[in-house]
Amino acid sequence: MGSLAIETGLGPLTLVAHEDGLARAEFGAPPRSSEPCAVTEAAACQLLAYFRAELTVFEVPLAPIGTDFQRAVWRELLNIPFGETRSYSQVAAAIGRPNASRAVGAANGANPIAIFIPCHRVIGQQGGLTGYAGGLERKRVLLDLELGGGLFGVCAEGASGACA
């Protein structure tokens, strides 16, 4: 297990890993103590490449904790390609629950691994930006990044420097 607080152009992001993989990537205040591990350092390196538009698919192992329904939604989000979006109803249909758009929205909002599980790629039925736990401005920036190329670097303080 380990944690690593990194500073991004979108604000601080805390990465937390358990024995099975990355369990959380959340915007906000860093953890009280930061003990990086191989998974959090790899995640920080992959984020750096993502923000430079050099990486479109993350390869770090993911271990989100949630209900069966939430995990089904999060697995489907991983199928949304870089630079593309889906509506809540499209995600609901893809998991075989076409009448569960609101529940998909709730699961999307409960996503514990921001960016890696791309909940920012889910938009409203009419194409508008709707809720994002990290804030709509971050969602807009992430979508713009994916549509237009590199954005900014990530300073992974405490990382080994292997991704410099």
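Answer yes or no: is there a residue in the stretch 98-114 that is in a loop (DSSP other than H, G, I, E, B), within 16 Å of the chain's Cα centre (by Cα) and farther than 23 Å from Val16 by Cα. First the steps, then the outcome.
Within the stretch 98-114, the subset in a loop (DSSP other than H, G, I, E, B) is 98-100, 110-112, 114.
This time we only want the ones that are within 16 Å of the chain's Cα centre (by Cα), so: 110-112, 114.
Now narrow it down to the ones that are farther than 23 Å from Val16 by Cα: none.
Within the stretch 98-114, not a single residue is in a loop (DSSP other than H, G, I, E, B), within 16 Å of the chain's Cα centre (by Cα) and farther than 23 Å from Val16 by Cα.
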For this session: Would you confirm whether any residue within the stretch 90-98 is of a type outside the set (S, T, N, Q), without any contact (Cβ under 8 Å) to a residue 60 or more places away in the chain and touching a Ser or Thr at 6+ places or on another chain (Cβ under 6 Å)?
Result: yes
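Report the residue count in the stretch 1-23 for those that are part of a loop (DSSP other than H, G, I, E, B) and under 24 Å from Glu137 (Cβ atoms).
Of the residues in the stretch 1-23, 2 are part of a loop (DSSP other than H, G, I, E, B) and under 24 Å from Glu137 (Cβ atoms).
If you scan the stretch 48-76, which residues turn out to be touching a strand residue (DSSP E or B) at 6+ places or on another chain (Cβ under 7 Å), within 22 Å of Ile123 (Cα to Cα) and in a helix (DSSP H, G or I)?
In the first step, residues of the stretch 48-76 are kept if they are touching a strand residue (DSSP E or B) at 6+ places or on another chain (Cβ under 7 Å); the result is 48, 51, 60-65.
Applying the additional criterion that residues be within 22 Å of Ile123 (Cα to Cα) yields 51, 64.
Passing the criteria: only Phe51.
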For this session: Run Glu84 past the list (1) in a loop (DSSP other than H, G, I, E, B); (2) touching a helix residue (DSSP H, G or I) at 6+ places or on another chain (Cβ under 9 Å); (3) more than 13 Å from Val122 (Cβ to Cβ) and report the number of the one that doesn't hold.
Result: (3)
Seminar exercise, completed: Going through the stretch 6-41 in order, the residues found to be out of contact with any helix residue (DSSP H, G or I) (no Cβ under 8 Å at 6 or more places or on another chain), modelled with pLDDT of 90 or more and among the aliphatic types (A, V, I, L, M) are Ala23, Ala38, Val39
Exercise. Checking Leu151 against (1) of a type outside the set (Gly, Ala, Ser); (2) at pLDDT 90 or above; (3) touching a helix residue (DSSP H, G or I) at 6+ places or on another chain (Cβ under 7 Å); (4) in a loop (DSSP other than H, G, I, E, B), which single condition isn't satisfied?
Worked result: (2)
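The values are calculated or read from the model by the stated rules, or taken from the named source; none is laboratory data. These numbers come from a predicted model, not from an experiment. Ideal geometry is used to build each Cβ from the backbone, glycine not excepted, and the neighbour counts take in all protein chains shown.
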